[in-house]
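Undergrad: First the structure, which I've put down as structure tokens, then a few questions once you've had a look.
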Amino acid sequence: MSGVVMSPEFNEQVKQTVREVLRQLHSTGSHSGRWSGSKNSSRWAITNAAISAPSNGVTTPTTGQIEFLDVSSSGDLVRSGDTVTLTHRWEGITLESGTLLRVVNDWDEWIAVAADCEALGSPPS
């Protein structure tokens, strides 16, 4: 939307719409029978192999296996052994093997909402 400036009235309408949709979702108590985990929950995960950047994240996302991480009693992240498929929609971002992720399940797909590449050193063994 380069070069487009939204009016304050339009921005307020968007905010009101989002608030109403969120209110309706919260009042139903579920996501229409979809994923049975808790709402707005996210998990730590790590890539076990590189996941390439998609050329178009909307129509042709890439996928790859990630492993969930648990928090130990001492507060360290440790591998859980549980793996799922990540749907990667962020164009121009390749997730290297060992990338620490924060992921959420939205509409029956696990998606990355945050990634930290090489900043933490070696991944948990």
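The values are calculated or read from the model by the stated rules, or taken from the named source; none is laboratory data. Only a predicted model underlies this, so the values are computations on that prediction, with no experimental measurement involved. Cβ: placed from backbone, ideal geometry, glycine included. Neighbour counts: every protein chain shown.
Undergrad: How many residues are among the small types (Gly, Ala, Ser), surrounded by 10 or more Cβ atoms within 10 Å (Cβ to Cβ) and at pLDDT below 75 if we restrict to segment 1-55?
TA: Residues meeting the conditions: 2.
Undergrad: Additional query: Considering segment 78-100 alone, what residues qualify as being within 14 Å of Ala115 (Cα to Cα) and in a strand (DSSP E or B)?
TA: Correct list: Leu86, Thr87, His88, Leu95, Leu100.
Undergrad: Within segment 63-77, can you find the residues that are outside any loop (DSSP other than H, G, I, E, B) and either polar (S, T, N, Q) or closer than 12 Å to Arg43 by Cα (or both)? Walk me through it before giving the result.
TA: Kept after step one, since they are outside any loop (DSSP other than H, G, I, E, B), are these residues of segment 63-77: 63-71, 77.
Hits for segment 63-77 are Thr63, Gln65, Ile66, Glu67, Phe68, Leu69, Asp70, Val71, Leu77.
Undergrad: When the residues of segment 87-125 are narrowed to those that are among the aromatic types (Phe, Trp, Tyr) and farther than 14 Å from Phe68 by Cα, which ends up modelled with the lowest pLDDT?
TA: Within segment 87-125, the first condition is being among the aromatic types (Phe, Trp, Tyr), and the residues that meet it are 90, 107, 110.
In the following step, the residues that additionally are farther than 14 Å from Phe68 by Cα were identified as 90, 107.
Values: Trp90: 90, Trp107: 82.
Selected residue: Trp107.
Undergrad: Against the conditions (1) in contact (Cβ under 8 Å) with a residue 40 or more places away in the chain; (2) under 16 Å from Asn48 (Cβ atoms); (3) surrounded by 14 or more Cβ atoms within 10 Å (Cβ to Cβ), where does Ser97 fall short? Just the number, please.
TA: (3)
Undergrad: Mind checking which residues of segment 53-96 are out of contact with any Asp or Glu (no Cβ under 6 Å at 6 or more places or on another chain) and β-branched (Val, Ile, Thr)?
TA: Of everything in segment 53-96, those that are out of contact with any Asp or Glu (no Cβ under 6 Å at 6 or more places or on another chain) and β-branched (Val, Ile, Thr) turn out to be Val58, Thr59, Thr60, Thr62, Thr63, Ile66, Val71, Val84, Thr85, Ile93, Thr94.
Undergrad: Would you say Val58 is at pLDDT 90 or above and either acidic (Asp, Glu) or part of a loop (DSSP other than H, G, I, E, B) (or both)?
TA: So Val58 passes the test.
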